[in-house]
Ligand SMILES: [Zn+2]
């Protein structure tokens, strides 16, 4: 009895300490779900990362292995795809070059997939030479279209944003886009600010909003309940970045970057978003980098 009580208190305490909603604690580690209203678009989630894959009659187009720190994660993803279809995995698209999203591609390569990424991602990956992240077989520029088994997938580079290699992956027929890290859905930005180009990101999000799509699959589950994003979410994130920028601009031009500005910087309007407390220092520091000494 006392042990049961202790365990439940311990679990509750741990959940509080990690600042994660109870629901996140109860989720299975791995989950594959078909996107409502589509015949063949799936979301594969591993922990707090997720990616999109599409099943066509001639094979599968997968994205981001999301297996950083999970030696079996790539194979687990391949196995999840095999539960849905016996078609071969033809393509693996890297959203950008960060390992938390793209480590684990070997299982896909072994399954015969061709790996595609933006050319800036390829350049970084060549330098970094990570043992868990196979190099792309093909590097793209501003646009590439993959056509397979009746599905069209566009890989669009709309300028630097979060990283200098981030693609917008669009399914024109389904009006779905997969965008990783730049446009969080219902959550406050955080560590992704470390490799982030503030002003270029504003232009990027405007271009994303101008595209034809209805739902956005983010690289981390949306809040609440893993929901997908809409253009209103993209507009809200753009407003948030602009608010953060103008707030820090005042502090930076008053000569308060770094320490003083980081202490004073608040975005009370967004305090209710999940991740606010943890993410605020990352947002502050990045915008201090812009307004305190030049990006
Ligand atoms: Zn990233």
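In this structure, is residue 139 within 16 Å of the ligand (Cβ to nearest atom), within 18 Å of residue 102 (Cβ to Cβ), at pLDDT 95 or above and touching a helix residue (DSSP H, G or I) at 6+ places or on another chain (Cβ under 8 Å)? So residue 139 fails the test. Residues in region 184-201 that are at negative phi and away from the ligand (no atom under 12 Å from the Cβ) were compared, and the one that is farthest from the chain's Cα centre (by Cα) is 199.
From the list 204, 157, 178, the lone residue that is more than 12 Å from the ligand (Cβ to nearest atom), in contact (Cβ under 8 Å) with a residue 12 or more places away in the chain, under 12 Å from the mean Cα position of the chain (by Cα) and buried (at least 20 other Cβ atoms within 10 Å of the Cβ) is 178. Given (1) over 20 Å from residue 42 (Cβ atoms); (2) more than 16 Å from the ligand (Cβ to nearest atom), identify the lone condition not met by residue 213. Condition (1) is where residue 213 drops out. Scanning region 238-295 for residues that are closer than 18 Å to residue 220 by Cβ, surrounded by 20 or more Cβ atoms within 10 Å (Cβ to Cβ) and free of Cβ contacts under 8 Å to residues at least 60 places away in the same chain gives a single hit, 241.
For region 233-250, the condition holds for at least one residue, the condition being that it is within 30 Å of residue 31 (Cβ to Cβ) and out of contact with any helix residue (DSSP H, G or I) (no Cβ under 7 Å at 6 or more places or on another chain).
The values are calculated or read from the model by the stated rules, or taken from the named source; none is laboratory data. It should be emphasised that the depicted structure is a prediction, and the values quoted were computed from it without experimental measurement. A quick note on method: Cβ atoms are made from the backbone with ideal geometry, for glycine too, and the neighbour counts reach across all protein chains shown.
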